[in-house]
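**Student:** Here it is, the structure in full.
The values are calculated or read from the model by the stated rules, or taken from the named source; none is laboratory data. Note that the structure is a prediction, hence the values are computed from the model and not measured. Neighbour counts run over all protein chains shown; Cβ positions are idealised from the backbone, glycine included.
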Amino acid sequence: MPGDAKPNMVHETLARGDGATIAYHLTPGKSPGVVFLGGFKSDMEGGKALCLEAFCRARGQAFLRFDYFGHGASAGAFTDGTISRWADDAIAVLDEVTGGPQVLVGSSMGGWIMVLAALARPQRVAGLLGIAAAADFTEDLIAEGLKPEQRAIMERDGFVEMPNCYEDEEPYVITKALLDDGRRNLVLRKPIPLTVPVRLIQGMKDEDVPWQTALRLEQKLQSDDVEITLIKDGGHRLSEEADLDRLRNTLESLLRKIESSSEG
């Protein structure tokens, strides 16, 4: 579920307690801020992150993009990462880099991470926007789809290589630690006690995340203000210009809703 990589730009770093560093880029601005959470093996230089950064800068909105542990310009090996680790990274930047209420925008795996971060810091999160949100993907899309021979390799070696649906990308290395940890972070098995407004954008021709996942997420969220936009011919990346226009418009509408609520 990678993003559209571009050459890294100048960034700052946040030191974690174990000595690792998280790379980030913060655009100052008004509240609520917007935090972009990237996808699995993606980075903060992707098209959607930079699109939203430009949108927020023009609007005067604070904006933060960052790389998880083992992604992009941050420290660590990707294969040492887990859902817990990446969620902790999101919570760390939320705590230490941003101030005030934030809107979390999660792309693919970032849609799962945004839910975990919001559950950990509900008082800091004013709204959620998921783009092909891949909640519980390690269990529902990987673990349950492993063939017997792949399970045997996983048990023997602790990892298995899986083909990437994008021809220009390397295979995914899926570790047993990732799957085991993902199982401890599942969010679609019980009600999700979040009441902020949520917007979900999902392609119906997504080959990575079934569009029904957005419906499952909507059903589990306790918020009464959840809207899903289904794109009949949309794939997973949703990074064409029409997709980016839709993303900007959705975020604009969500920000206006939050701003009007705070004024009232």
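**Student:** Filter the range 26-55 down to the residues that are free of Cβ contacts under 8 Å to residues at least 60 places away in the same chain and crowded, with 22+ Cβ neighbours inside 10 Å, then identify the one that is farthest from Asn249 (Cα to Cα).
**Tutor:** Only one residue tops the list, namely Asp43.
**Student:** Answer yes or no as to whether Ala92 is closer than 24 Å to Ala20 by Cα, part of a helix (DSSP H, G or I), of a type in the set (A, V, I, L, M) and in contact (Cβ under 8 Å) with a residue 12 or more places away in the chain.
**Tutor:** For Ala92, the condition - closer than 24 Å to Ala20 by Cα, part of a helix (DSSP H, G or I), of a type in the set (A, V, I, L, M) and in contact (Cβ under 8 Å) with a residue 12 or more places away in the chain - is met.
**Student:** Would you check if Leu129 is touching a strand residue (DSSP E or B) at 6+ places or on another chain (Cβ under 7 Å), surrounded by 12 or more Cβ atoms within 10 Å (Cβ to Cβ), aliphatic (A, V, I, L, M) and assigned to a strand (DSSP E or B)?
**Tutor:** In short, yes.
**Student:** I would also like to ask the following. Consider the range 66-89. How many of its residues are of a type outside the set (D, E, K, R), out of contact with any Phe, Trp or Tyr (no Cβ under 6 Å at 6 or more places or on another chain) and assigned to a loop (DSSP other than H, G, I, E, B)?
**Tutor:** Within the range 66-89, residues that are of a type outside the set (D, E, K, R), out of contact with any Phe, Trp or Tyr (no Cβ under 6 Å at 6 or more places or on another chain) and assigned to a loop (DSSP other than H, G, I, E, B) number 8.
**Student:** Need the failing condition index for Ala242 against (1) without any contact (Cβ under 8 Å) to a residue 40 or more places away in the chain; (2) farther than 16 Å from Cys51 by Cβ, just the number.
**Tutor:** (2)
**Student:** Counting only residues that are more than 16 Å from Ala117 (Cα to Cα) and among the polar types (S, T, N, Q), how many does the range 183-221 have?
**Tutor:** Residues that pass the stated criteria total 4.
**Student:** A further question follows. Considering only the range 219-234, state which residues are surrounded by 15 or more Cβ atoms within 10 Å (Cβ to Cβ), of a type outside the set (Lys, Arg) and under 19 Å from Asp140 (Cβ atoms).
**Tutor:** If the condition is that a residue be surrounded by 15 or more Cβ atoms within 10 Å (Cβ to Cβ), of a type outside the set (Lys, Arg) and under 19 Å from Asp140 (Cβ atoms), then Leu221, Ile228 are the ones that fit.
**Student:** Only residues that are over 19 Å from Pro193 (Cβ atoms), within 9 Å of the chain's Cα centre (by Cα) and either among the hydrophobic types (A, V, I, L, M, F, W, C) or not in a strand (DSSP E or B) (or both): list them for the range 95-125, please.
**Tutor:** Within the range 95-125, Val105, Ser108, Met109, Gly110 meet the criteria.
**Student:** How many residues are in a helix (DSSP H, G or I), within 19 Å of Met109 (Cα to Cα) and either basic (Lys, Arg) or touching a residue at least 12 places away in the same chain (Cβ under 8 Å) (or both) if we restrict to the range 141-164?
**Tutor:** The number of residues fulfilling the criteria is 3.
**Student:** Continuing with the same structure: Between Met44, Met1, which is of a type outside the set (Asp, Glu), closer than 23 Å to Gly203 by Cβ, in a loop (DSSP other than H, G, I, E, B) and at pLDDT 95 or above?
**Tutor:** Met44
**Student:** Identify, from the list Ile228, Ile192, the residue that is in contact with a strand residue (DSSP E or B) (Cβ under 6 Å, 6 or more places away or on another chain) and either at pLDDT below 95 or closer than 30 Å to Pro163 by Cβ (or both).
**Tutor:** It is Ile228.
**Student:** Just checking, which of Asp224, Asp245 is over 16 Å from the mean Cα position of the chain (by Cα), outside any strand (DSSP E or B), charged (D, E, K, R) and within 23 Å of Ala118 (Cα to Cα)?
**Tutor:** Being over 16 Å from the mean Cα position of the chain (by Cα), outside any strand (DSSP E or B), charged (D, E, K, R) and within 23 Å of Ala118 (Cα to Cα) holds for just one of Asp224, Asp245, which is Asp224.
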